[in-house]
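Accompanying notes for the structure given below.
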Amino acid sequence: MWVSKGYTGSTHDFAIFKDVFAGLTLEKYRIHVDAGFVGIVKFINYKYVFIPFKARKNHPLTAFQKAVNQCLAAVRVAVENSIAQLKAFFVLRIENRMRKKKKLADAFSLCAELACFKYSYAKA
């Protein structure tokens, strides 16, 4: 589990992605993103990026597109479960009033490390 630095709540995930991974070559990796990352194909080799299809007004998804989305969701569920493991820690569920952003980042990193430890201990 990896955690980036903190961003304000109004920052879009794609803007964070561009900030964190700018200049890195990611062609060797398979990248699974949600439907909010439509412009990602401009930054990464297209054959390694997996984006679910979006239904548009008066253009519903075909049966094939729905099947592809279900396969992508089966992979994405691991990410969502990791996020749920982080939210098990009370400090990340409540509105945080820490004035120093460094302390909040440290608390988040510590919770991520504890979640990784808990996951690795459960597998053993």
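The values are calculated or read from the model by the stated rules, or taken from the named source; none is laboratory data. Source: prediction; values computed, not measured. Virtual Cβ from ideal backbone geometry, glycine too; neighbours counted across all protein chains shown.
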Which of (1) assigned to a helix (DSSP H, G or I); (2) more than 26 Å from residue 117 (Cβ to Cβ) is the odd one out, the single condition residue 54 does not satisfy? (1)
Condition first: under 18 Å from the mean Cα position of the chain (by Cα) and more than 23 Å from residue 116 (Cβ to Cβ). Can you find one or more residues in the stretch 81-94 that meet it? no
Give the residues of the stretch 73-90 that are part of a loop (DSSP other than H, G, I, E, B) and either in contact with a strand residue (DSSP E or B) (Cβ under 6 Å, 6 or more places away or on another chain) or under 30 Å from residue 24 (Cβ atoms) (or both), sorted by residue number. 89
Among the candidates 51, 31, single out the residue that is surrounded by 12 or more Cβ atoms within 10 Å (Cβ to Cβ), hydrophobic (A, V, I, L, M, F, W, C), within 14 Å of the chain's Cα centre (by Cα) and closer than 30 Å to residue 104 by Cα. 31
Output the residues belonging to the stretch 39-72 that are under 24 Å from residue 28 (Cβ atoms) and not β-branched (Val, Ile, Thr). 39, 42, 43, 45, 46, 47, 48, 50, 52, 71, 72
Before we move on, is residue 84 hydrophobic (A, V, I, L, M, F, W, C), within 27 Å of residue 7 (Cβ to Cβ), surrounded by 12 or more Cβ atoms within 10 Å (Cβ to Cβ) and modelled with pLDDT of 80 or more? no
Unmet requirement for residue 20, which otherwise passes all of (1) of a type outside the set (Ser, Thr, Tyr); (2) closer than 23 Å to residue 84 by Cβ; (3) part of a loop (DSSP other than H, G, I, E, B): (3)
Evaluate the stretch 29-42: report whether one residue or more is more than 23 Å from residue 8 (Cβ to Cβ), hydrophobic (A, V, I, L, M, F, W, C) and modelled with pLDDT of 80 or more. yes
